[in-house]
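S.K.: To start, I am sharing the structure in question, which I have written as structure tokens.
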Amino acid sequence: VQLQASGGGLVQAGGYLRLSCAASGSISEITDMGWYRDVPGKLREMVATITKTGSPHYADFVRGRFTISRDNVKATVDLQMNSLKPEDSATYYCYGDGGWRGYWGQGTQVTVSS
């Protein structure tokens, strides 16, 4: 399984970005998908996940601002990020749960200026 993320960039506080991740390869083994982020000095943290049946789960710090969605036919998972804050600046990683192992996409940088 390969995960290809895109959509990061620089935005002003209060703005929005949309991250996309496309899975390829043995995608039938993927169950949950999600987005995590790395902030310097902190452990990688979960941002949002979504089950194969479309049930989302959000970290408290993004609930109400971010929306995760997936398309099982296209094998994609998106993260719509609204009302961005400077503290949302991070490298965001797409994740796919393969059951016996997890898969990570390459990071995409999000920078929110104040």
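S.K.: Scan the range 99-114 residue by residue and report those that are in a strand (DSSP E or B) and open to solvent by 60 Å² or more (accessible area, probe 1.4 Å).
M.R.: Within the range 99-114, 104, 109 meet the criteria.
S.K.: Is there a residue in the range 42-53 that is of a type in the set (Gly, Ala, Ser) and on the phi > 0 side of the Ramachandran plot?
M.R.: No: zero hits.
S.K.: State which residue is farthest from residue 93 (Cα to Cα) when the search covers only the range 10-20 and only residues that are open to solvent by less than 30 Å² (accessible area, probe 1.4 Å) and over 14 Å from the mean Cα position of the chain (by Cα).
M.R.: Across the range 10-20, the extreme among qualifying residues is 15.
S.K.: Can you name every residue in the range 70-98 that is part of a loop (DSSP other than H, G, I, E, B), over 13 Å from residue 23 (Cβ atoms) and without any contact (Cβ under 8 Å) to a residue 60 or more places away in the chain?
M.R.: Hit for the range 70-98 is 89, nothing else.
S.K.: Touching a residue at least 40 places away in the same chain (Cβ under 8 Å), within 19 Å of residue 112 (Cα to Cα) and open to solvent by 60 Å² or more (accessible area, probe 1.4 Å) - does that describe any residue in the range 21-31?
M.R.: no
S.K.: (1) touching a Pro at 6+ places or on another chain (Cβ under 9 Å); (2) open to solvent by less than 40 Å² (accessible area, probe 1.4 Å); (3) farther than 15 Å from residue 23 by Cα; (4) of a type in the set (Val, Ile, Thr): which one isn't true of residue 67, the others all being true?
M.R.: Condition (2) is where residue 67 drops out.
S.K.: Moving on to the next point. Which of (1) modelled with pLDDT of 95 or more; (2) part of a loop (DSSP other than H, G, I, E, B); (3) not β-branched (Val, Ile, Thr) does residue 63 not meet, given it meets every other one?
M.R.: (1)
S.K.: Considering only the range 72-88, state which residues are acidic (Asp, Glu) and either open to solvent by 50 Å² or more (accessible area, probe 1.4 Å) or at pLDDT below 95 (or both).
M.R.: 87
S.K.: Scanning the range 32-51 for residues that are over 15 Å from residue 102 (Cα atoms) and among the β-branched types (Val, Ile, Thr), which turns out least open to solvent (accessible area, probe 1.4 Å)?
M.R.: Applying the filter and picking the extreme gives 47.
S.K.: Tell me, please, whether a residue that is hydrophobic (A, V, I, L, M, F, W, C), surrounded by 15 or more Cβ atoms within 10 Å (Cβ to Cβ) and touching a Lys or Arg at 6+ places or on another chain (Cβ under 6 Å) can be found in the range 90-97. Reasoning before the result, please.
M.R.: To start, the set of residues in the range 90-97 that are hydrophobic (A, V, I, L, M, F, W, C) comprises 90, 94.
Now restrict to residues that are surrounded by 15 or more Cβ atoms within 10 Å (Cβ to Cβ): 90, 94.
Adding the requirement that they be touching a Lys or Arg at 6+ places or on another chain (Cβ under 6 Å) leaves 90.
Yes: one or more hits.
The values are calculated or read from the model by the stated rules, or taken from the named source; none is laboratory data. Values in this document were obtained by computation on a predicted structure and should not be read as measured data. For neighbour counting, all protein chains shown are included, and Cβ atoms are generated from backbone atoms with ideal geometry for every residue, glycine included. The accessibility values were calculated without ligands, DNA or RNA, using every heavy atom of the protein model including side chains. Shrake-Rupley method; radii C 1.70, N 1.55, O 1.52, S 1.80 Å.
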